[in-house]
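Laboratory data are not the source of any read-out in this text; all were calculated from the coordinates shown. These figures come from a predicted structure and were not determined experimentally. Because the Cβ atoms are built from the backbone with ideal geometry, glycine has one as well, and the counts that use them run over all protein chains shown.
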Amino acid sequence: MTNITEKTAPNVSVGADTEQPSQKCTANIITTEDENFKSFEEIQREMIKMMDPSYLKTVSMTELYDTVYQSKPPLIDGLLYPGTYIFAGAPKLGKSFLMAQLAYHVSTGTPLWDYTTRKGTVLYLALEDDYRRLQERLYRMVGTEATDNLFFSVSAGQLGNGLDEQLNRFVSEHPDTKLIIIDTLQKVREVGGDNYSYANDYQIITRLKSFADSKGICLLLVHHTRKQTADDKFDMISGTNGLLGAADGAFMLTKEKRTSNTAILEVSGRDQQEQRLHLIKNEKTLAWELSEKETELWKAPPEPLLDEVAEHINTDYPCWVGSPTELVVFLGVDMKANALSLRLNVNARRLLDEYGIHYESKRSHDGRKVRLTFVKRDDA
């Protein structure tokens, strides 16, 4: 971010910030002076405890509330979030067209149906296609409106045999990567990975999830369904429950008739509300269009404190730094500093997602320091 001036509270007792002139303010960094200061002996004791196999690391409820757990905003509001997801459906049902559609919308930042989309680099491993087919499909779907943020590959290594290094290198070369689609999961299962045990399936997804979580991206794994029907559609995912058990969520695309141009997309996950979307395929472009939602997205109840923060932190006053006590005065709210900090800690993600305000709170030897930064939606 550029041209954002940091403003500190008057008479701030937070060390270096009171002695330095205005400077550019970043939304994701508080200097090393703001880290928890520990003596060498304290660090040594903690290391010894953690090396002890009988030591169980725990976090108290007080520590839990005292911590700001930063998270990345959704790629597509209410629909697609950072994490690892399975996208399942029967063969030749239109999954690849929907994958291309998702990839294009995220890479361009254009809304998908009526969902807000954030722009980022996308890698699409179309491992059951070739470049000619991809070219024809995309041209039919979006015409000549190409983008430099969408990358394709029709060949890749397997887990434990090249894929790990390939994905890591791509993300390091494209640090703004938000989405990687692997179409299909079966194509990258490690050699000898046909053992469909719960443990094996769980381990595969856990391995991919570890990569996605470490990079803060969304990993979408296209997979097939079994022929057997089930009361719960997600029980039709090919393999064991280990796949869904380890993933952050799943999408299921189904049709009543294979020849129909209508389908139902069911969504279930940890971060998003369960949804059932009725889609219809555009006969001209072959892109999927939303015709009906059976489930409206649940909205959290209003939080007046966040509205108050948004009134003070905006494009005119994009950054504030100070102590929690000074923040109470700055916002003009009637609550104790500790209560204010707790509520902002818990609502940090919502403050970023809904208001575009990044909140940080770190403890230093001079006490707790809070930073509020207004960021652009595309940077959130």
Open item on the list: Per q in 0.16, 0.17, 0.20, 0.21 Å⁻¹, report the Debye log10 I(q)/I(0) for the stretch 252-364, using one uniform scatterer on each alpha carbon and no solvent.
Closed with: -0.79, -0.84, -1.04, -1.11
Task: Cα Rg, Dmax, the stretch 83-293, angstrom units - done: 16.4, 45
Task: Footprinting exposure proxy for 252, 51 (fewest neighbouring C-beta atoms within 10 Å first) - done: 51, 252
- [ ] Write down the radius of gyration of the stretch 297-350 and its Dmax, each obtained from C-alpha positions, in Å.
- [x] 11.7, 36
